[in-house]
Amino acid sequence: MIIVLKPECTDEQIDHIQEQIVSLGLKPELSRGVKRTLIGVIGEEDLLRSAPLEAFPGVETVMPILKPYKRASREFQAEDSVFDLGHGVRIGGGALGMVAGPCAIEGHAVLLEIGTAVKAAGANILRGGAFKPRTSPYSFQGMGEEGLEILRNVGDELQMPVITEVMDPRQVELVDRYTDVFQVGARNMQNFNLLSEVGKTSKPVMLKRGMSATISDLLMSAEYILASGNKEVILCERGIRSFDNSTRNLLDLAMVPNIQQTCHLPIIVDPSHATGRPELIPAMARAAVASGADGVHIEVHSCPEKAMSDGSQALLPDQYAGVMEELKQLAALFDKVIPVPQEQGE
Ligand code: PEP
Ligand code: MN
């Protein structure tokens, strides 16, 4: 239920309405927008029907939220969400998050080399996996906590926010100690225990679309995180399974404007996992920005042939710099900004 308040509604009136909601055993969520102030109430909406909230001073209308996802919907919050990822890097509302780095963290020197190059090219979030969800149990599974430490140190040295994948609810506390942004991978998009656990943290979560997930599945998974208290969910399109195997997955770019119509969360596009082919990544990255995405996620490696994971889809740092030059021009054309990470004191 959304309670739309009159523009002239006073703080005392807002308190009075919220007290009434709490007395019914429900939780009000106040949202002060630029244009309107709303109170969202999610739960047993029937309880509210017994209270004539329309009659309360300051209330303009009371509307049901029609979408099955509530907190993620624009009915709940009309304006785009904007999140601060650290080092002054924002995402959403016209600010683009440019995530780049190797698939897996392999060591300090190589991550620093890649990180230095992608930052110089304009990336504003450094990625690297310490826990890798591999299709085969015999493939490299990641460096674990040692990898997390390397990522944190390189992020601090380069003064840029870092993102890394968390695969298990039992790892959330550990990963939280090192990362600025959690990544929930495609294979875990419907790991509801994991979603609830990252939902209890206060760090942004990038939620990747499952390979056979519908848009509604993705938004319902985002809702799990939001319902646990964490408002900072970034969606990520990384391609879905198709009958065609000439690319690794099928990039569903239409999902960007599609989701943006009804959902206020930022959306990043990952052309690396979507295509699996370095020569297709620049065109799909350009298309992502042109489609209105709030960022682009690209895997980069200084020596793809030696990469321990996903080397065949990695761009070389120079290739990444070429893509970023084009993305900067497109960003300017579409009135978007690519925040530059700022130094951050202790
Ligand atoms: C990754 O980002 O390295 C990854 C494993 O991605 P996805 O979950 O989209 O397959
Ligand atoms: Mn990868």
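Using DSSP loop states and a limit of at most 10 other Cβ atoms within 10 Å to flag chymotrypsin sites (Phe, Trp or Tyr not before Pro), what is the longest stretch of the chain containing no flagged site?
Between exposed loop sites, the widest span is 1-137.
So what's the angle, to the nearest 10 degrees on a 0 to 90 scale, between helix 281-290 and the longest Cα principal axis of the chain?
That helix lies at roughly 20 degrees to the long axis.
Under a point-charge model restricted to the Cβ atoms of Lys and Arg (+1) and Asp and Glu (-1), what is the dipole moment magnitude of the chain relative to its Cα centre, in debye to the nearest 20?
It comes to approximately 740 debye.
Give a quick list of trypsin sites (Lys or Arg not before Pro) in the range 115-162 that DSSP marks as loop, anything other than H, G, I, E or B, with at most 16 other Cβ atoms within 10 Å.
Answer by residue number: 134.
Going by how many other beta carbons lie within 10 Å of each one, how would you line up 106, 79, 279, 29, fewest first?
279, 79, 29, 106
³J(HN,Hα) across the range 227-241 via Karplus (A = 6.51, B = -1.76, C = 1.60, θ = phi - 60°), whole Hz, x for Gly/Pro?
Each residue of the range 227-241 in turn: 5, 7, x, 8, 8, 9, 10, 10, 8, 9, 8, 10, x, 10, 5 Hz.
Compute the acute angle (0 to 90°) between the alpha-carbon long axis of helix 317-333 and the principal axis of greatest extent of the alpha-carbon atoms of the chain; round to the nearest 10°.
30
Checking the table 35/328; 27/203; 67/203; 306/328; 27/231; 67/328 against a 24 Å threshold on Cα-Cα, which pairs fail?
Exceeds cut-off: 35/328; 67/203; 306/328; 67/328.
Tell me, what ³J(HN,Hα) does each residue in the range 142-148 have, in order and in whole Hz, if you take phi through Karplus 6.51 cos²θ - 1.76 cosθ + 1.60 with θ = phi - 60° and put x for Gly and Pro?
Karplus-based 3J(HN,Hα) across the range 142-148 equals x, 7, x, 4, 4, x, 4 Hz.
Order these by the 10 Å Cβ neighbour count, fewest first: 61, 164.
Listed from fewest to most nearby Cβ atoms, that is 61, 164.
Rank 189, 142, 342 by how far each Cα sits towards the positive end of the charge dipole of the chain (+1 on Lys, Arg Cβ; -1 on Asp, Glu Cβ) and give me just the farthest.
189
If you count the DSSP beta bridges with both ends in the chain, what percent of them are antiparallel, to the nearest 5?
40
Mind putting a number on the dipole of the range 85-184 about its Cα centre? Charges go on the C-beta only, +1 for Lys and Arg and -1 for Asp and Glu, and I need it in Debye to the nearest 20.
320
Where does the chain land at 222 nm, in deg cm²/dmol rounded to the nearest 500, when only DSSP H runs of n ≥ 4 count, each adding -39500 (n - 2.57), divided by all residues?
-9500 deg cm²/dmol
What's the center-to-center distance, using Cα atoms, between the range 148-218 and the range 71-122 in Å?
If you average the Cα positions of each part, the centres end up 12 Å apart.
Share of antiparallel DSSP beta bridges in the range 26-179, in percent to the nearest 5?
Roughly 60 percent of the beta bridges in the range 26-179 run antiparallel, per DSSP.
Coordinate-derived values only; no laboratory data. These figures come from a predicted structure and were not determined experimentally. Glycine gets a Cβ as well: all are built from the backbone with ideal geometry, and neighbour counts include every protein chain shown.
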